[in-house]
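One structure below.
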Amino acid sequence: MSGRKSGGSSTHVRAPHVAELVADALRSRILDGDLPDGAELPKQEHLLEEFGVSRPSIREALRILEAEGLVSVRRGKVGGAVVHRPKADNVAYTLGLVLRAGGVKVDDVSLALNLIEPVCAALCAARSDRETEVLPRLRAIHEEARACIDDPGRFTIVSRQFHEAVVECSGNETLIVMIGALESVWSGHAEAWAERHLEQDEFPDREYRQRGFDDHEMLIRLIERGEVDGVSREARRHLEWAPVYAIDEENKIVPGLLRDESGS
């Protein structure tokens with residue numbers, strides 16, 4: 001297949017490979033929900049009959065989907081391929097890899113959350129159904145934090161769950177996926193940092209934890225009252241100081257960021 005550029009020079013457009021066309025068709029079925037998570041793809045014999053292509057083309061199509069994480073191909077006598085619909089956890093894991101490979105610093109990740117998480121908090125406050133869809137979850141996490149405030153390691157995990165819940169309760173699916181992935185990256189870093197510094201007895205004292213707990217309580221109250229601007233300001237103020245503990249002198253992303261959220 002060929003075309004013409006202006007000036008008479010030609011350009012060639014590569015026709016899709018047969019295997020890519022088969023992979024496109026199967027990918028669409030997975031993403032559209034026609035093949036649910038955990039389902040088995042039709043056996044190769046059925047795929048051969050349906051698409052009218054060679055066995056090597058079917059195998060190559062399955063390799064494409066497997067490389068994308070959309071299927072797991074079982075070899076041997078059992079054979080077959082199992083469907084894996086994309087999940088937000090996959091995004092978090094890949095994002096962590098990209099940031100680590102790019103040498104992104106911890107304060108860079110923190111700044112991104114400082115800028116965007118207050119938007120999610122404001123969306124929580126703006127929800128007309130916040131009393132049933134937002135506040136019960138935030139209150140439950142907050143009460144768990146109250147119960148473990150004297151356990152620094154556990155408190156770190158629960159406090160991060162609060163921030164993740166603010167994003168997940170925003171009601172905006174795009175933010176939930178994108179910012180939720182960034183929250184997971186930061187949570188992985190914070191938990192690994194906390195574990196390391198607890199062992200060295202260098203973790204922030206109870207006063208620091210109490211201050212964070214009180215800030216979260218204020219955020220809940222502002223969301224409860226529907227104060228969109230107020231909760232945004234409070235979230236921004238909180239995020240200006242709260243993450244500082246996890247940014248050490250080297251300002252490096254610690255290995256915990258790369259914990260495997262892919263489910264593979």
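The values are calculated or read from the model by the stated rules, or taken from the named source; none is laboratory data. Note that this is a predicted model, so its numbers are computed, not measured. Cβ atoms come from the backbone with ideal geometry, glycine included; neighbour counts cover every protein chain shown. Only protein heavy atoms, including side chains, enter the accessible area calculation; ligands, DNA and RNA are left aside. Shrake-Rupley method; radii C 1.70, N 1.55, O 1.52, S 1.80 Å.
See the values below:
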quantity: Euclidean distance between Cα centres, region 85-136 to region 145-223, Å; calculated: 12 Å
quantity: Net lengthening on full extension, residue 100/residue 28 (0.36 nm per residue, minus Cα-Cα); calculated: 22.8 nm
quantity: Translational diffusion coefficient (Stokes-Einstein; Kirkwood radius from C-alpha pairs) of region 45-116 at 20 °C, 1.002 mPa s, in µm²/s; calculated: 140 µm²/s
quantity: At q = 0.17, 0.29 Å⁻¹, base-10 log of I(q)/I(0) for region 123-186 (Debye sum, equal scatterers on each alpha carbon); calculated: -0.61, -1.14
quantity: For region 49-58, Karplus couplings with θ = phi - 60° (6.51, -1.76, 1.60), whole Hz, Gly/Pro x; calculated: 5, 5, 8, x, 10, 7, 4, x, 5, 5
quantity: Heavy-atom accessible area ranking, 1.4 Å probe, most first, across 28, 232; calculated: 28, 232
quantity: Per-residue SASA entry for residue 31, accessible area with 1.4 Å probe, Å² rounded to 10; calculated: 90 Å²
quantity: Top positive-direction residue, dipole computed over region 145-197 with Cβ charges, set 171, 194, 158; calculated: 194
